[in-house]
Each structure stands twice: as C-alpha cells, then as structure tokens.
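Quick notes on the structure that follows.
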Amino acid sequence: MDVRAQVSMVFHLDKCIGCHTCTIACKNIWTDRKGAEYMFWNNVETKPGTGYPTLWEDQEQYRGGWERDSRTGKLRLKLQGKWGTLGNIFYNPYLPRIDDYFEPWTYDYQHLFDTPEGDDQPTARAVSMITGQYMDTIEAGPNWDDDLGGSPVYADNDPNLTGFSEEERRQLREIGRLTFFYLPRICNHCLNPGCVAACPAGAIYKRGEDGIVLISQEKCRAWRMCISGCPYKKVYYNWYTGKSEKCILCYPRLETGQPPACFHSCVGRIRYLGLVLYDADRIVEAASVPDAQLVEAQRSIVLDPFDPVVIRRAKANGISDLMIAYAQRSPVYKFFKLWKIALPLHPEFRTLPMLFYVPPLQPVQATMHNGTYEIIQTGSEGLAPMLSALEQARLPLRYFARLFTAGNVEIVKEVYRKLIAVRIYMRLQKVGDVPEPEVREALRLGNTDPDEAEAIFRLTALPTFDERFVVPPLGREEAMETQFPSLDPVSRNYPTRKGEVGFGFRKEPARRW
Amino acid sequence: MTLDIILFAVFPYVAVVLAVIVGIYRYVVDRFSYSSFSSQFLENRALFFGSGIWHYALLIILLAHIIALLFTDAWAAFIANPTRLYTLEGLGVALGISTVVALAILALRRLLNPRIRTTTTVLDWLLIVTLMTQVSLGVWVALFYRWGSLWYMYTAVPWLVSLATFSPQVSYIASLPWIVKLHMLGGFVLTALFPFTRLVHLIAFPITYLWRPYQVVIWYARRRATS
C-alpha cells in the first residue's frame, strides 16, 4: 500500500446556477494574456450540449484518454503508442485546431468615433486577436450554446445522446423545451493522467505531495501530444509562446491557505475541496477494470483516513499528522467515498479523474397537454410524490450514466435514491407533511439513515466556508517543518527542488529568439 | 584561396563554436525558448502536406550524408555496384525534390495564411530562406554533378575529417565547382543559425520517451522510502 495524498474536488450540480463567475475569476487571474485568450481552464457547459471545445467527449475524433485492450485487459493510450508518438511528432493527426474552440476577438471601438456621419449607426467591428484583421462573421465563441442557445443543433449533437431512442429524446422535451443543466469543468488532476503519459518531453508531471498536475514551461517543447492525450481537453496550446498550459488548481493560492479562485468565487457554493488519501499501488488496477466497475474501483483505491493501518502507512510515506487530520475532515471523502453520492466525469476515459460531481435531480413536475401546463401526480396535500422523482426524471438516467458512471445505470439510481431520501427526510423534519411510511421507505431505498441524511443535508445546504474548503497545509515552510522537525537553513538538512518545478515565469512568456 | 581558407577552414569552427556556446547559453539562461513553436494548432491542412514530407525526407538525406562520412569504406563498397549507385542517386534526387516542394508549401503557408504570418519572426524567415537555398543547391548538385555519392568520399569527407582533427585542409575541395562549395558552406551557415533559431528543437527530440515510464511524479522533497 503506497499511500499518497491528493487535493480533490466535488461539484454539486444541483446548486450550479450557470453564472460563469468561476470562469471569469480564473480568466482574469491566469489566462488574460496573448496566446491564452481562447483558454478556459475553468468553463461552464450547458448539458446536453457539445461543450468546449466542440464535441470534446467524442474520443473517436480526438482520441484522448486510455483504452482497455479487450483481450489482455491492459491499458494503452487511445492516441497512439510511444513509437506512434515519435512518428507523428511532425504532424499530430488528432490535434484539435483553434477553430474547434473559437478565434478570439475584441472590438474596434475607435470605429464608433471615427465613422463619418451617415444614415446608419456605426458598429464596433470585431477584430481577431490572432491576426489583427477584421472578422466579418463571428462563428463561434467560448460559450456558444449556453442555456441551449442554438439547440437543437448543439444539444442534439451531444455525444452522450448517441443511441438514445425517440422516446428518450421525447422525454427530454417533456415540457415543450429541452431540459438542461450546467456542467462546470476544470482540470480533473487525474491519478492516471493521459496528458502526462502522452507528453514525449516529460514536461507534464504530478506533484507528489498534493497530486496537482502541472506543465513545466521550461521543459515543454510544443510536441502538442498532451492536448490530444487529455480526454477532457483541459490542456491548451498557447499559439504565441509555443507552450501548452493548463489549470494549476491555483497552487499559489492553495499554498497560502486559500481555495482556488474558481472555488472561492462560486456564487452557488457548489464547490468543495479537500484532501483524500489513496493507494498509488492500485492506480493501474483500478483504471483497467471493465467499464461498469470503474466507479467502484476508483472508490476502492480512495482510503479511509481514520483506518489505523492507512494512517500508519501514510506516516511511513511521509504524510504529516496535520495532512492526515485534514484528510479526515475532507468533504470530498464524505461525498465520494462515505456517502457515495459524488461521481467522476466520464470514468470510461480511465484517467481516474479526481473531480467528482453530485448529479442534478431533474424530476418532471409538469407536462404540456394540449397547450396547457399541468402539474402532474399532485397528491392529496398538493405535493407531488417525490419518490417517483427517479422514474420521472426529465433527463433519462442513461444520460447521467453516460456522463458519470461509464454506462452503469444502477450506480446513478443508487445516488438518486439517496438524494431523494435526503429530501423526503428533510421535508419531514422541516415541514412535516410527508407520511411516515413514505419517509421510511425512502430511507430504505436510499440505503441511508436519518443521521446520514442529516449530514448530507447539512454539508449540501448549510456548509460554512471552512467546511466547503478544507485546504490542507501546503505552505512550503509548513510542509517542510512537518517533515523535517529540526530545520537547519545553513546546512540545508532538508531536500528542495527549488527552480526545478513550478509554473512561475521568471521571464516574460514571449518569443525572444 | 584566402577566401577558401576563411570560408572552409575558419568559418566551420566559428559556426560550431557558436552552435555549442550559444546553444548551451540559451539552454541555461532561457530554457523557456527551447521549443519547436509548432503552428499546427492554427493551421492544419497545408502543414499535413508540408511538415511530414519535409522532416522525413530531410532526415533520410541527412542520414545518408552522415553515414557516408562515418562509414566511408562500407559506403564505398555499397555503391561500387552501379545498380545500387543509380538507385541510391535516384532516391536521393526524389527525396531532395520532395524537400524543396515541402518547404515551398511550408513557406507559402507562412506567407499566405494570416494566422501563421503573425506568428512568424524575422529569424524564421532567415531560416526558411537558408534552408530553401541549401536543399535547392543539394538537388542541383545531385542532378548536374554526378555522382555525388562517389566524389563526396574523396572531397568532402577528407575535408570534414581534416576539420575534425584540427588540421584543416581546404585543398581537398578547393577545385570543386562554386555551386558545390556553396552547398558545403550552407551546412555550416545552418550550424551557425542553429542556436539562434527554432532549429534548436532538433536536439530537443524526445527520444527518452521510449524508455520513460508513462507517469511522471515530482516530489518537492523526496520522502523516505516506503516500508
């Protein structure tokens, strides 16, 4: 058992209001630079939809992540083998182009002032931020299909809907319009990252202490295999500096005890951050199981931070008492491992993503009949029976199974039954209008009990800042002191790798040669 | 004669020293700039036709030059058979013309595509012009001064060996036609340009990928070994 610590995350999708504040916070801090205009280390997608870049989930096109050899059960990069990488180094056949994202633009506001008097209002024409030339038509943007704008073109082309029956598609449009929810995405800081494996230069690495995946800007040589290798398309190529860049989980903030900017700014308070301990010896094993078992396999390598054996092994591995204490308070551990209501995004990519999502409940509460809006199945108290919320979900459960469980509908059902049980139980507590038998039945179906339901409710609806973000002590000085109790700055009895790792530009990120 | 000495006995050393010293300096001081500066992200189609052909054809031709230089005896034995000589020369001309065509595609792409044009520097253009001159000269020599594979061994090889052994002898190549000499000079001009341009990606070729484990983990402080 090789116990390691990983800073990981939970996004509670029922709480996401799609305001893009996270995106803007990230953009203003990290990607407001030349060559990075099109990058969105954090973005919020409308689902169903084609996402950003367009159709990123379609790995037949982009060939990201890993695939399991059906004969030997072994993992291989879906992109290509090592010889294939070197052979394709002069031309990567699967590389997305800037047009799969969008051509960044600004506006020529001066035109408003300089236009001579005429019959028409002057306009601020769009100017490409790459070429500086006028763009007559803007054909795509970073959030082109936001709130289902442009559907059915975009939503109907969601790769997760392939193979859906007409009945299932009809269910999507139950109240006359397509249902949707938001999917905020950042780098998953995977345990088995495809980008790291695909980089021939070895420039991408996972930090041992906290599992944050970073790209060394000094080692990157623009071989651009990482962009293809990441199935989530969260590695971006800076066309100006000739370097790849990605979400750094705001490690300079984490190291000073603050949550990442997108977490901190989240208006819906959907984001949770905390440490989990996992068994690094079983990464490959967990990533190699058949599709339907992937979620369970990933849960099984996340370790119980209260288990004395785990604590002993963690200490033997140099994880400090303080870090273990933080892992014990981690909200992510609770959501993912203890309560089992958070799920990884597209586990079938087999990178073991460490960002988990609590799926949104979308019960059909009303339908359209002959042009009138009817609330369905109203009970005697005017309360629709919530137990049927699962069967009446407006998005087919198969859709969520495609997104979060590699097609395993049973796991999605288990999650929803528990979420429904929490709602019914809390309805009883707060309003008291649900019959006792229905509550008992809900708790039984949800495989939960009043204490757990109360705890889930508390962390979902009423968490404080410090409960949502249990930022582990990553401060370098602190981390050093916990590992080397007798620090001697003169003889430097502690090893450091200063200057070898990290993102920090010590020079302007521009071409000089 | 003096010009010959400057160009073929002095300049090669200047070029190599520049390549090594500036190359190391740039690696130490500005490692960030060691990049192939790929522009595939901005333009895909012309690059498909240009880049692959250019690199592979050039690598094969370069390899032939190096093999003939390092394994002269084996090379001589190999091309002693006329059939092999003609095949080799024919192949060389075909590959040479391929590099000219591919580089023309790449140059036109840089010139005509506004996106690529904005990411092109003056040094990039200098490099493209030099490379174009060099490969065109190579094709010219191969076509009109037959058979290069043969006389290369008795002119360029001893000259390069004399350079490598620090006893430069320009007499080996002094009587060659000027167009051949230009091709030889071009090689060292490119060597001199190497540390200043994106040509540095040549030595960044990631061959270590073949034996590196897939996952890279870096510890800020290496922990004690696990028990």
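Nothing in this text is a laboratory measurement; each read-out follows from the coordinates by a stated rule. Given the structure is predicted, the values throughout are model-derived calculations rather than measurements. Virtual Cβ from ideal backbone geometry, glycine too; neighbours counted across all protein chains shown.
For the protein assembly as shown, the dipole from Cβ point charges (+1 on Lys and Arg, -1 on Asp and Glu) about the Cα centre works out to 2300 debye, to the nearest 20.
Peptide B:194-205 is shielded by partner chain Cβ atoms: per residue, an average of 2 of them sit within 10 Å of its Cβ.
Couplings 3J(HN,Hα) for segment A:260-270, derived from phi with the Karplus relation 6.51 cos²θ - 1.76 cosθ + 1.60 (θ = phi - 60°), are x, 4, 5, 5, 4, 8, 4, 6, x, 6, 8 Hz, where x marks Gly and Pro. For segment A:63-171, GluC sites (Glu not before Pro) meeting the loop criterion (DSSP other than H, G, I, E, B) and having at most 14 other Cβ atoms within 10 Å: A:117, A:139. By the helix-only formula, in which each DSSP H run with n ≥ 4 contributes -39500 (n - 2.57) and the sum is divided by residues, the protein assembly as shown has a 222 nm mean residue ellipticity of -12000 deg cm²/dmol.
For chain B, which span is the longest to avoid every loop-located (per DSSP) member of trypsin sites (Lys or Arg not before Pro) having at most 16 other Cβ atoms inside 10 Å?
B:1-145
Cα centroid separation, segment A:99-125 to segment A:55-81: 44 Å. Simple spin-label estimate for residue B:45 and residue B:16 gives 4.6 nm between the two label positions (7 Å along the Cα-to-Cβ direction from each Cα). Counting neighbouring Cβ atoms within 10 Å and putting the fewest first, the residues A:158, A:58 line up as A:58, A:158.
Which longest uninterrupted range of chain B lacks any chymotrypsin sites (Phe, Trp or Tyr not before Pro) assigned by DSSP to a loop state (not H, G, I, E or B) and surrounded by at most 12 other Cβ atoms within 10 Å?
On the way: sites that count: B:71, B:166, B:211.
Excluding the exposed sites themselves, the longest stretch runs over B:72-165.
Within 10 Å of each residue's Cβ, count the other Cβ atoms and sort A:76, A:299 from fewest upward. Ordered by Cβ neighbours within 10 Å, fewest first: A:76, A:299.
Residue exposure proxy: A:324, A:319, ordered by other Cβ atoms within 10 angstrom of their Cβ from fewest to most, comes out as A:324, A:319. Checking the Cα-Cα distances for A:78/A:507; A:27/A:315; A:206/A:340; A:47/A:82; A:243/B:181; A:78/A:206 against a 28 Å cut-off, the pairs over it are A:78/A:507; A:27/A:315; A:47/A:82; A:243/B:181. Summing charges over all other residues whose Cβ lies under 10 Å from the Cβ of residue A:163, with Lys and Arg as +1 and Asp and Glu as -1, gives +1. Is the shape of chain A rounded, prolate or oblate, going by the alpha carbon gyration tensor and its root eigenvalues a ≥ b ≥ c, with a/c under 1.5 for rounded and a/b larger than b/c for prolate? Oblate is the answer for chain A, as a/c is 1.5 or above yet b/c matches or exceeds a/b.
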